[in-house]
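Trainee: The structure follows.
Bear in mind that the values in this text are calculations on the coordinates, not laboratory data. Bear in mind the structure is a predicted one, so any value in this text is a computation, not a measurement. No Cβ is skipped: glycine too gets one built from the backbone with ideal geometry, and neighbour counts run over all protein chains shown.
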Amino acid sequence: MRKIIAALGLVLLMALFFVGLVLTGDQGEEERQIAQSLPAVGIAQGNDLDALTDLFGCPIPHGSKEGVGRVMDEKLGTLRARLLTWQAADGLITQAVRPVQAASLLRREGFPLDENNLWNLGPLTLMLSTDGSGACAYYQTEDAAYSLYRASADPETFLTELAALLPTD
């Protein structure tokens, strides 16, 4: 059953990728530049999650609102991106990047990407990765790409925690 769900998730992910290619194929160069036109913010650090998410430009999933984080400009080739990192007091580390095309900035070293480890939580498809030291989940929406990491987490407990944090509609 798990393999069937994983296969369906993979097919859905490939279909979304294909639809994205088709939709962007007819756009002019000026429209493609919109994703690269995020205004520069430099680096902002602090412990006010609301201020950081306002600067980032969209909400993020998080554990505790107590913690420390930063928003900063990044580059991926010619693409300008905005990266938010929030380390909650409860140990959950959330990273988010805009635009979605810069999702590779979120990849954690040592955590292999495994398309056979896809999970559906409501409308979201997560890719779960573990390396023995913790668990990391990757997913994206139309606005941003996300990485959530917890040290010393087993996959089942981490998925239960994520189900409570992530939007389900």
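Trainee: Under 11 Å from the Cβ of Pro39, count the other residues' Cβ atoms, weight Lys and Arg +1, Asp and Glu -1, and hand me the total.
Mentor: Neighbourhood net charge equals +1.
Trainee: To continue, here is another question. How much net charge surrounds Ala153 when only the other residues with a Cβ under 12 Å from the Cβ of Ala153 are counted, with Lys and Arg +1 and Asp and Glu -1?
Mentor: Residues close to Ala153 contribute a combined charge of -4.
Trainee: Moving on. Tell me, what HN-Hα J-couplings in whole Hz come from the Karplus equation 6.51 cos²θ - 1.76 cosθ + 1.60 at θ = phi - 60° for each residue of the range 54-70, using x for Gly and Pro?
Mentor: Here the 3J(HN,Hα) series is 4, 5, 5, x, 7, x, 10, x, 8, x, 6, 7, 8, x, 9, x, 7 Hz.
Trainee: If you take every residue apart from Leu76 with its C-beta less than 14 Å away from the C-beta of Leu76, what net charge results, scoring Lys and Arg +1 and Asp and Glu -1?
Mentor: +3
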